[in-house]
Amino acid sequence: MCGICFAWRKARDMQISVIGSGYVGLVAATCLAELGHNVICVDSDSAKIAALNAGETLIHEDCLQELLSRHRGTRLLFSTSVQEAARNSLVIFIAVGTPSADDGSVDLSCVEAVARSLAGAMNGYKVIVEKSTVPVYTSEWVQNALTSKGHAQAEFDVVSNPEFLREGTAVTDFLYPDRIVVGASSERATGIMREIYAPLIDGSYAQLPSAVPKPEPARPMPMYIETSPRSAELIKHASNAFLALKISFINAVASFCESVGANIEEVCRGIGSDSRIGPEFLRAGIGYGGSCFPKDVAAFRAVTHEFGFEFPLLDEIKRINEEQRARFIRKVRGALRTIKGKRLAVLGLAFKDGTDDVRESPAIKVIEQLLEEKCQITAFDPAAMDRAREILNGRISYATDPYAAAEGADALLILTEWKEFANLDLVRIKRLLRSPIVLDGRNVFSQAEMAEAGLTYHSIGRPTLEVSPSLLKKGQSAR
Ligand code: UDX
C-alpha cells in the first residue's frame, strides 16, 4: 500500500467535535469532514443548528456550501450538546467566540463555559484543541479548569492549534495552508494531531479528484510546525499584529507620499520586490478592520501588559489605523469644501472584498462619521448590504447597483476594495454624478483611467488628479 493511501485511511477514523459554528468553527468542522474525519459541530444557538441541519451555511464563503452538501448528515453532524458531542469524540476543537473586554483583553467566558462542560463529559482520554484565538497561557488555564474538577492530567491533553484563515478564502486557506501550527506538550497528543492533518501534511488531499481546487499561490505542502502550547498561542497573536503592522506602516508611508508628492504604488513596488519584505499586505487604504486585526492587536497589547512587558508599538499600529480614517474624512471635506447636507455615493460596506462581514468595517466607521456631519448617503455593496442594515438601519439609503448609487451625488466614495468596482464604466459614472469627484479609499483605480474619464480623483498616497474646470462640461474627456 502506498504511503498516501495509508495516511488517508488512517485519517478517516478520527472522531472529532468542533464547539462553535462561527467562521472558524464551521469552516474547520466542514474541512475536517472533507479530510475524512467524523465531525460533530456544536453550537448553543438552536436556530443556527437547525439552519445548518437544513443545509444553510449562514456565512458568505466560497466552497463552503458545496462541502456542507457533500458531508452534512454523513461525516458532518450538528448538535446543541457539548457533552454528548465530547463523549463521542477523541478530539474536541474549541472554536467559540473570544470577544474583547472593555480594556482590550480577551473575554474568555465562552471558553471557560466549554471547559466546564467538558469536565462533566470525560469518558476516556481526550485531546482538547484551542482553535479560537486566545492569549498565551490559556492552555494552562483550560487544563486547570479540568484538573480542578478532579480529572487527572493523564486523562487529557490541551493543544493550541491556531487558525490563520481569512474571510472570503477560508475554505482554501484551511485546505491549502502556508503552515499548520500545533503546540502540544505530550507525544500522544502530538501524534493524534499529526494524524488529523495527515492528508494536508503529505499532500494526499490535493491529489483527490474531488479536492477543492487549489488557489494559484498555494504551497505544494504546508510547513508543519510543532511547538509548545505557549509558543503556538503567541504565534497567532504575533502573526496578526505583524500583518496589521505592515498595513499601518504602509499607510503611514502613503501619508508621507502625499506630503512630498510621491506615489505609494510605485513605492510599494520598490519595497515589496525585496524578498525579505514581500508584496503582500502593502495595500494602502483607509485601514484594516474585521473581526480579527483590531481585536487581536488590542488583546496582544493587553496580555503583554499583564505580564509586565510594555509594547507601545502595538498602540501605534492602532493609532495609525484610526488616523487613516480621520485623514480620509478630511480629504472628503477638502474635496467638497463643505460637507453638511451633501449627497454622497458610497461603494463598499464590507470590511474587505469577498465577504458580507461588516464587523469593525472601516467603511461603516467612515459612514458613521459622515452621518454625524449631516451628509446624505446612498450606498451599494455586492454582498454586505443586509449586514450593514443591521447596524445603520434606515440612516442611509441602499442602491441596487453602483450606478444607481452615483446618480445625482456630489461625490463618489470607494470604501471597500471589491474587484467588481474596478470594472465600472467611469464615463457613465461621470455622467451620473452631480460633481465629477471620486474619493477612492482603496486605490481601486489607476490615475490614468480616471484621467481618461475626466473625473477629479483623490486616492491614498498618490497625487490628486484635478480635472481642469474647462473640461468639466458633461461628456467631455480630460484628455
Ligand atoms: C485576518 C488574517 O489575514 C488571517 O490570517 C487571520 O486568521 C484572521 O485575520 P481577515 O480578517 O479575514 O484575516 O482579513 P484580511 O484579508 O487579513 O484583511 C484584514 C483587513 O486588512 C481588511 O480590512 C483589509 O481591507 C485590510 N487590508 C489588508 C489592507 O488595508 N491592506 C492590505 O494590504 C491587506
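Among residues of segment 386-411 that are free of Cβ contacts under 8 Å to residues at least 12 places away in the same chain, those with a Cβ under 9 angstrom from a residue that is part of a strand (DSSP E or B), sequence gap 6+ or separate chain, pair up as Arg389/Tyr398.
Of the helices (runs of 4 or more DSSP H) lying entirely inside segment 162-208, those carrying at least 3 residues that are in contact with a strand residue (DSSP E or B) (Cβ under 9 Å, 6 or more places away or on another chain) are 187-196.
Is it the case, given these coordinates, that Ser231 is away from the ligand (no atom under 16 Å from the Cβ), among the small types (Gly, Ala, Ser) and part of a loop (DSSP other than H, G, I, E, B)? If you could, list the steps in order and put the result at the bottom.
Working: away from the ligand (no atom under 16 Å from the Cβ): yes; among the small types (Gly, Ala, Ser): yes; part of a loop (DSSP other than H, G, I, E, B): no.
Judged against the criteria, Ser231 is not a match.
Of the residues making up segment 391-419, those that are touching a helix residue (DSSP H, G or I) at 6+ places or on another chain (Cβ under 8 Å) and either loosely packed, with under 15 Cβ neighbours inside 10 Å or part of a helix (DSSP H, G or I) (or both) are Ile391, Leu392, Arg395, Pro402, Tyr403, Ala406, Gly408. Taken over segment 280-297, residues that are in contact (Cβ under 8 Å) with a residue 40 or more places away in the chain and either part of a loop (DSSP other than H, G, I, E, B) or surrounded by fewer than 21 Cβ atoms within 10 Å (Cβ to Cβ) (or both) amount to 11. Looking only at residues in segment 239-283 that are in contact with a Phe, Trp or Tyr (Cβ under 7 Å, 6 or more places away or on another chain) and hydrophobic (A, V, I, L, M, F, W, C), which one is farthest from Thr133 (Cα to Cα)? The residue in question is Ile247.
Mind checking whether some residue in segment 425-441 is within 24 Å of Gly461 (Cβ to Cβ), within 16 Å of the ligand (Cβ to nearest atom) and in a helix (DSSP H, G or I)? No, segment 425-441 contains no residue that is within 24 Å of Gly461 (Cβ to Cβ), within 16 Å of the ligand (Cβ to nearest atom) and in a helix (DSSP H, G or I). Checked against (1) within 14 Å of the ligand (Cβ to nearest atom); (2) open to solvent by less than 50 Å² (accessible area, probe 1.4 Å); (3) over 24 Å from Asp62 (Cβ atoms), Ile277 passes all but a single condition, namely (2).
Within segment 257-268, is even one residue free of Cβ contacts under 8 Å to residues at least 40 places away in the same chain, away from the ligand (no atom under 16 Å from the Cβ), part of a helix (DSSP H, G or I) and of a type in the set (A, V, I, L, M, F, W, C)? The answer is yes, given that some residue of segment 257-268 is free of Cβ contacts under 8 Å to residues at least 40 places away in the same chain, away from the ligand (no atom under 16 Å from the Cβ), part of a helix (DSSP H, G or I) and of a type in the set (A, V, I, L, M, F, W, C).
The set of residues in segment 364-388 that are within 14 Å of the ligand (Cβ to nearest atom), part of a helix (DSSP H, G or I) and out of contact with any Phe, Trp or Tyr (no Cβ under 7 Å at 6 or more places or on another chain) comprises Ile364, Lys365.
The values are calculated or read from the model by the stated rules, or taken from the named source; none is laboratory data. In this text, all values refer to a predicted model and were calculated from it rather than measured experimentally. Because the Cβ atoms are built from the backbone with ideal geometry, glycine has one as well, and the counts that use them run over all protein chains shown. Calculation scope for accessible area: heavy atoms of the full protein, side chains included, ligands and nucleic acids excluded. Shrake-Rupley method; radii C 1.70, N 1.55, O 1.52, S 1.80 Å.
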